[in-house]
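The structure appears below as structure tokens.
The values are calculated or read from the model by the stated rules, or taken from the named source; none is laboratory data. Since the model is a prediction, treat every value here as computed from it, not as a measurement. We place every Cβ from the backbone using ideal geometry, glycine too, and count neighbours over all the protein chains shown. Heads up: the accessible areas ignore ligands, DNA and RNA and are worked out on the full protein's heavy atoms, side chains in. Shrake-Rupley method; radii C 1.70, N 1.55, O 1.52, S 1.80 Å.
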Amino acid sequence: MNWNYLPGTTEYFFIFFFVALYVVYILRTVRIAHQLKSTARSLIVKVILRTLTFGLLLVSLLGPSFGDSQKEVKGIGKDIYVLVDLSLSMQAGDVTPSRLEKVKFELSRFVATQAASRISIIVFSNEAYVQVPLTYDSDALKTFIQSLQTDLVPGQGSNVCSALELAFDKMSQNESPEERSKMMVIFSDGDHTSYCGGGVFNNLRRYGVTVNVVGVGTATGASIKTADGLLRTEDGELVVAKLDEKFLQNISTQLKGQYFSLNNVKNDMETMSQLVKSTTGSFVNTRTMMVDTNKYYYFLGAALILLLMDVLITIGTFRL
């Protein structure tokens with residue numbers, strides 16, 4: 001027999017509480033019977049009934065599972081290309097602890113919700129590079145996510161267009177027999193150095209690729225921390241990185257996706273994750289699994305029958 005829930009501190013507390021109270025009850029009843037010069041032997045029936053009832057209720061709460069059954073599981077997955085902005089502006093502190101650190105945290109959670117899909121990570125600044133090719137390995141993905149730093153990609157600018165082009169090229173090269181559904185998710189603050197030409201948008205629309213955009217940061221912006229202190233221009237002015245929401249929203253609109261916000265006040269990652277998860281994927285495979293079935297209701301039913309017997313059966317506690 002297997003258990004869906006292992007007994008913990010709470011269960012042990014209630015067991016001790018029940019035993020302690022019932023011991024006090026029995027001792028008190030026996031003492032009263034002794035004072036009345038009587039016997040309390042009939043109490044044994046009630047003690048047995050209530051102990052069995054409590055035990056059965058406890059077992060049902062722990063979720064006993066036994067008996068193997070076969071279950072057919074269908075794998076429905078997608079190919080998701082995640083584009084992560086690694087320009088210096090992603091070190092701005094208007095999102096705690098920084099824009100990039102927030103993205104890394106939320107991206108790890110996002111990967112955990114997409115177990116049936118293959119995911120690739122493409123990083124970009126002035127240029128774009130494939131950090132992780134398409135893979136099901138969520139542990140490897142999380143390891144690479146934690147290693148993301150702004151110095152992985154040369155340059156200080158942010159060229160979203162180059163990342164979109166690279167993702168489309170990889171997408172075109174990875175045509176598979178099952179024609180898996182494909183989509184992109186962009187994490188960026190929109191601090192761009194160039195505008196995208198119509199060609200990349202046309203290609204993505206023609207292939208039916210949905211592109212969702214997550215805008216990281218705030219319109220107010222913040223200074224950028226570097227190893228040498230706060231980033232300044234050649235004239236010594238403090239650089240303030242601001243979220244360009246209009247630019248990012250235009251990308252999502254052009255590519256028939258949706259725009260989501262990620263900052264200290266608003267976090268749309270849960271909505272975005274559910275949207276991606278609910279998007280129709282392609283059939284991948286079917287496999288049969290052996291699963292244990294939770295049989296708690298047997299024990300719960302027996303406990304309710306004993307409880308009913310306890311209520312209906314009247315026993316004289318004392319014999320005079």
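Can you tell me which residue within the stretch 182-211, out of those that are among the small types (G, A, S) and either under 30 Å from L88 (Cα atoms) or open to solvent by less than 40 Å² (accessible area, probe 1.4 Å) (or both), is modelled with the highest pLDDT?
Looking only at the stretch 182-211, we keep the residues that are among the small types (G, A, S), and these are 188, 190, 194, 197-199, 208.
With either under 30 Å from L88 (Cα atoms) or open to solvent by less than 40 Å² (accessible area, probe 1.4 Å) (or both) added as a condition, the list becomes 188, 190, 194, 197-199.
Values: S188: 95, G190: 89, S194: 70, G197: 73, G198: 74, G199: 83.
For the stretch 182-211, the residue satisfying everything is S188.
Among the candidates Q156, Q173, Q131, Q149, single out the residue that is exposed (fewer than 14 other Cβ atoms within 10 Å of the Cβ), polar (S, T, N, Q) and over 19 Å from R206 (Cβ atoms).
Details: Q156 fails: exposed (fewer than 14 other Cβ atoms within 10 Å of the Cβ); Q173 fails: over 19 Å from R206 (Cβ atoms); Q131 fails: exposed (fewer than 14 other Cβ atoms within 10 Å of the Cβ).
Just one listed residue meets the conditions, Q149.
Taking the stretch 89-103, which residues are assigned to a helix (DSSP H, G or I) and surrounded by fewer than 20 Cβ atoms within 10 Å (Cβ to Cβ)?
Of everything in the stretch 89-103, just one residue is assigned to a helix (DSSP H, G or I) and surrounded by fewer than 20 Cβ atoms within 10 Å (Cβ to Cβ), namely E101.
Being of a type in the set (V, I, T) and surrounded by fewer than 16 Cβ atoms within 10 Å (Cβ to Cβ) is the filter here; which residues of the stretch 253-279 pass it?
Selection gives T253, V265, T271, T279.
Yes or no: the stretch 232-254 includes at least one residue that is of a type in the set (D, E) and modelled with pLDDT under 85. Break it down stepwise before answering.
Restricting attention to the stretch 232-254, the residues satisfying the condition of being of a type in the set (D, E) are 234-235, 237, 244-245.
Within this subset, residues satisfying the condition of being modelled with pLDDT under 85 are 234-235.
Yes: one or more hits.
May I ask you to list the residues in the stretch 8-33 that are open to solvent by 100 Å² or more (accessible area, probe 1.4 Å) and either touching a residue at least 40 places away in the same chain (Cβ under 8 Å) or under 33 Å from the mean Cα position of the chain (by Cα) (or both)?
T9, Y12, F13, F14
Considering each of A219, A227 in turn, give the residue that is of a type outside the set (S, T, Y), closer than 16 Å to N263 by Cα and open to solvent by 40 Å² or more (accessible area, probe 1.4 Å).
Numbers: A227 fails: closer than 16 Å to N263 by Cα.
Residue meeting the stated conditions: A219.
Which residue out of Q156, Q114 is outside any helix (DSSP H, G or I), in contact (Cβ under 8 Å) with a residue 12 or more places away in the chain and over 18 Å from the mean Cα position of the chain (by Cα)?
Q156
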